[in-house]
């Protein structure tokens, strides 16, 4: 593979090289990359804004994260926040800090992932900043979305009696991380051993190539469902549930047996001799949607196999509880992703 | 001074602690910090978006940059981009990556600077992300602004015959940097020597506490001036002029004697035995506005002492030229900030 040094382009040249093929997809994107700021038009809608900072060594490990996947995921995690507001993602800005160890070809891989996600979710890359970093790769994405007035769904509006639901399945991304960390360790100790990840494509895909739940957002729209509260699951189910309970001043009861976990994730978890439920509760990065709906909307939900009802909302005084398969009740605690790793 | 470890708060606790006193100033800021995304309302206006990434060791040096000033400047550099589009800044998001060397008190200083700038420029902090960094302080700000349809001013629309103008004075920030770098070097070599910066408050202030030209934006509005092109000067006058020329497919002639440089900056430059004009052309971080106007608007400009007409726009074939005080003509070249430092 050829290697072009970034210095051959200079900052403006590099931005131009990486953004020259952008075709704006949204009518609201009036002006994109190349000026002091981008311009967005509105038609009586509200704009939703979300931002994330991703830092090498903290949020990702380049020894097992392909740059194209990283670019894709950088967009997905922000777009996921927009869907979690019940809004349509429309634009992103992307800033990167890069050290000279990156070649132009490596950056092209990263941007190809960014563009793949932009196409999949219908968002326009409209601006950003490119600068040098002394150490490590730094990525900052801000996503904008639009929503009709009064259709935004917040975290703070769950009500007693509502059903607690999640999309897809949980815990897979965390188990994928365990595999990649294990194989990295083995490789560092004995480089001649090839990584054995063949049977773990599902969980590794969950970590490296997460999807934002555009389909669930569209299902809501088609079936005229407006969740009473919603957020995306980036830190594990427990932490997010507690967050909704705190913000909404309610409690909840969830059932262990109702938490959706794929067969692939279960098998993989057992190889590590860890409990798949613990991975769903305290792992993270699944980017599924956690939401509450009114009981009246229950019938509509049964149309969608990608949605699981896992419990219900109770009064704040009752706290947040999980009923285990064995019939016990435990208070939910937020260990989160970080606690797991330390 | 007391020192509170960040770990005492946890991520959500820290965000809450640093953002709990925010009072939203703009009617369009419907929902601020605390959900997956913020929500902005519109009334038939266009939204302008700009973003910047600031990295310790690349964009700032904490050994001589007070954190409060850094917080203030982080907002100003983005707000400046919004004014450079002829738009009113309305909201910002702020993401920071911090290592454990920072105390909560240090972060409070930083946020106090952020809030001071938010108040001065009337913008609301509506969201962000806080995460750990293995090394160095990382700041990402995205600013949003609004503008009436058809009043956005781009870089690409200067026309032959227009007058080239700049606000304020140039070169000061770069000279301020020279002083601070010199004193840092002296201090590292002989720590007992106290820094001698007393007479250089102007140029040091230009670097550490730049202002965005809200007043110029308001002057345009009051006097019904819409520049034909505009950008803010972050990389030095030469680089920015060449940028407008390239984007607008024009050339320009500017006069060295017309470039505004303060007496304080001149005196300071002579101490370093460097040419103040070179500092204005190739230094940076002055955050003044560079713009072009139609000749018909010239009379209106004379009302404002903060605006200097430095030249005029010519056809692309004539290139970009500076006429020196000695009567010579030189092609403008973009050395920029980085070239100066290396």
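Every read-out reported here was derived from the displayed coordinates using simple, explicitly stated rules and does not represent laboratory data. Please read all numbers here as calculations on a predicted model, not as lab measurements. For neighbour counting, all protein chains shown are included, and Cβ atoms are generated from backbone atoms with ideal geometry for every residue, glycine included.
Computed values, structure above
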item	result
Helical mean residue ellipticity (222 nm; -39500 (n - 2.57) per DSSP H run of 4+; nearest 500) of the protein assembly as shown	-10500 deg cm²/dmol
Average other protein chain Cβ within 10 Å of Cβ, residues B:52-65	3
For peptides A:65-74, B:299-308, B:120-129, sequence by mean Cβ density within 10 Å, most packed first	B:120-129, A:65-74, B:299-308
Protection-proxy order for peptides B:176-184, B:270-278, each taking the mean of Cβ atoms within 10 Å per residue, highest first	B:176-184, B:270-278
Shortest-first nm distances, residue A:321 label point to equivalent points in other copies (7 Å, Cα→Cβ)	8.5
Ordering of A:78-87, B:192-201 by packing [mean C-beta count within 10 Å, highest first]	A:78-87, B:192-201
Shape of the range A:105-257, Cα gyration tensor, a/c cut at 1.5	oblate
Two-site FRET efficiency, residue A:318 against residue A:150, from Cβ-Cβ distance with R₀ of 30 Å, rounded to 0.05	0.50
Cα-derived Rg to Rh of the range A:35-170, Kirkwood definition	1.03
Debye equation applied to the C-alpha atoms of chain B, log10 I(q)/I(0) at 0.08, 0.09 Å⁻¹	-0.41, -0.52
Gyration tensor verdict on the protein assembly as shown (Cα atoms; rounded if a/c is under 1.5, prolate if a/b is larger than b/c, oblate otherwise)	prolate
Kirkwood hydrodynamic radius of the range B:103-155, Cα pairs, Å	13.9 Å
Shortest-first distances to equivalent copies, position residue A:305, nm, label 7 Å out along Cβ	7.7
Average partner coverage of A:138-147, which counts Cβ from other chains inside 10 Å	6
The range A:163-341 shape via C-alpha gyration tensor axes, a/c threshold 1.5	prolate
Distance from the range B:287-335 to the range B:70-149 (C-alpha centre basis), Å	32 Å
Of all DSSP beta bridges in the range B:1-139, antiparallel share, percent nearest 5	45 percent
DSSP-defined beta bridges in chain A - what % are antiparallel, rounded to 5	75 percent
In degrees, nearest ten, helix A:172-189 long axis to first principal axis of chain A (Cα)	50 degrees
Antiparallel %, DSSP beta bridges [both residues in the range B:163-341], to 5	85 percent
Inter-centroid distance (Cα atoms) of the range A:237-258 relative to the range B:214-245, Å	51 Å
Peptide B:152-160 - average C-beta neighbours from other chains (10 Å radius)	2
Distances in nm from residue A:10 to the matching label points in the other copies, shortest first (labels 7 Å along Cα to Cβ)	5.1
